[in-house]
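Structure record follows, encoded as structure tokens.
The values are calculated or read from the model by the stated rules, or taken from the named source; none is laboratory data. In this text, all values refer to a predicted model and were calculated from it rather than measured experimentally. With ideal geometry, Cβ positions are generated from the backbone for all residues, glycine too; neighbour counts draw on all protein chains shown.
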Amino acid sequence: KQEVTQIPAALSVPEGENLVLNCSFTDSAIYNLQWFRQDPGKGLTSLLLIQSSQREQTSGRLNASLDKSSGRSTLYIAASQPGDSATYLCAPREAAGNKLTFGGGTRVLVKP
Amino acid sequence: NAGVTQTPKFRILKIGQSMTLQCAQDMNHNYMYWYRQDPGMGLKLIYYSVGAGITDKGEVPNGYNVSRSTTEDFPLRLELAAPSQTSVYFCASSYGRGDQYFGPGTRLTVL
């Protein structure tokens, strides 16, 4: 059974600092991995999807890396802004089926 | 496009009551999913569907039922509500195994 861990559980940084969010998963047989953002009381918004054959994916200030063999993905957010304050969730999708398994998330606070 | 819509936004049920959570998408996605999110936790998959007429269990299906008679709609039925079903329920859809798009959620309390 896939287990996903996100460390740290919470993070507080001053504006402008770079953010590094870690995700580890126990089963490396994945099809892809998605990073999501969740604002309080809201649904999830997809940030990046990285295929199992890729090493990284970039969108604007966001960069996600994937090391499938070691069961790790990292989300980097450059030059953080107060608007980046949210909970970030990672979710690998199993290779043989259709299920995503979610981590518990990292709650980020960017202070102005 | 409205994307993924869910109704109702909030609901309070008494123990033993039943209800249906509605989910619809207008993106012509073939895959649809139901998740629940308990406070401070990640999401857990309840049921999913890869097309009309096809459904399958996720991680936590007990106490729930689904049907998928059309591509657009994927209702989730709660029978005999229990306090353990107090949670926020999210519906999502995707085209195949691509990006999942989420609805705004239904906050359910069972008293």
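Selection of region A:4-25 for residues being more than 13 Å from A:Leu109 (Cα to Cα) and surrounded by 21 or more Cβ atoms within 10 Å (Cβ to Cβ) yields A:Val4, A:Gln6, A:Cys23, A:Phe25. When B:Leu78 is tested against (1) buried (at least 20 other Cβ atoms within 10 Å of the Cβ); (2) closer than 25 Å to A:Ala96 by Cα; (3) hydrophobic (A, V, I, L, M, F, W, C), just one condition goes unmet, and that condition is (2).
Of the candidates B:Ser69, B:Ser93, B:Ser84, the single residue that is buried (at least 17 other Cβ atoms within 10 Å of the Cβ) and polar (S, T, N, Q) is B:Ser93. Got at least one residue in region B:29-49 being in contact (Cβ under 8 Å) with a residue 60 or more places away in the chain and over 18 Å from A:Gly43 (Cβ atoms)? Looking through region B:29-49, at least one residue is in contact (Cβ under 8 Å) with a residue 60 or more places away in the chain and over 18 Å from A:Gly43 (Cβ atoms). When residues in region B:96-111 are screened for being facing chain A (nearest Cβ under 10 Å) and either crowded, with 18+ Cβ neighbours inside 10 Å or under 30 Å from A:Ile50 (Cβ atoms) (or both), 10 of them pass.
Suppose we filter B:Ser18, B:Ser93, B:Ser87 for residues that are at pLDDT 95 or above, touching an Asp or Glu at 6+ places or on another chain (Cβ under 8 Å) and within 14 Å of chain A (Cβ to nearest Cβ); which single one remains? Only one candidate qualifies: B:Ser87. Set side by side, the residues A:Ser46, A:Ser65, A:Ser52 differ, and just one is within 20 Å of B:Ser94 (Cα to Cα) and without any contact (Cβ under 8 Å) to a residue 40 or more places away in the chain, which is A:Ser46. Scanning region A:26-41 for residues that are within 15 Å of A:Tyr88 (Cα to Cα) and surrounded by 13 or more Cβ atoms within 10 Å (Cβ to Cβ) yields A:Leu33, A:Gln34, A:Trp35, A:Phe36, A:Arg37, A:Gln38.
In the list A:Ser85, A:Ser70, A:Ser80, A:Ser24, which residue meets the criterion of being of a type in the set (Ser, Thr, Tyr) and within 14 Å of chain B (Cβ to nearest Cβ)? So the residue among A:Ser85, A:Ser70, A:Ser80, A:Ser24 that is of a type in the set (Ser, Thr, Tyr) and within 14 Å of chain B (Cβ to nearest Cβ) is A:Ser24. Could you please let me know if B:Thr55 is on the phi < 0 side of the Ramachandran plot, free of Cβ contacts under 8 Å to residues at least 40 places away in the same chain and outside any loop (DSSP other than H, G, I, E, B)? When the stated conditions are applied, B:Thr55 passes them. Kindly indicate whether A:Arg61 is surrounded by fewer than 16 Cβ atoms within 10 Å (Cβ to Cβ) and over 19 Å from A:Asn18 (Cβ atoms). No; evaluated as a whole, the condition is false for this residue. A:Leu21 meets the conditions (1) in contact (Cβ under 8 Å) with a residue 60 or more places away in the chain; (2) touching a Gly at 6+ places or on another chain (Cβ under 8 Å) in every case but one. The failed one is (2). Here A:Thr74 clears all of (1) modelled with pLDDT of 95 or more; (2) more than 11 Å from the chain's Cα centre (by Cα); (3) not small (Gly, Ala, Ser) except the condition numbered (2). Residues that are of a type in the set (Val, Ile, Thr) and over 21 Å from B:Tyr47 (Cα atoms) number at least 1 in the following strands (runs of 3 or more DSSP E) confined to region A:35-112: A:44-51, A:56-59, A:72-77, A:86-94, A:106-111.
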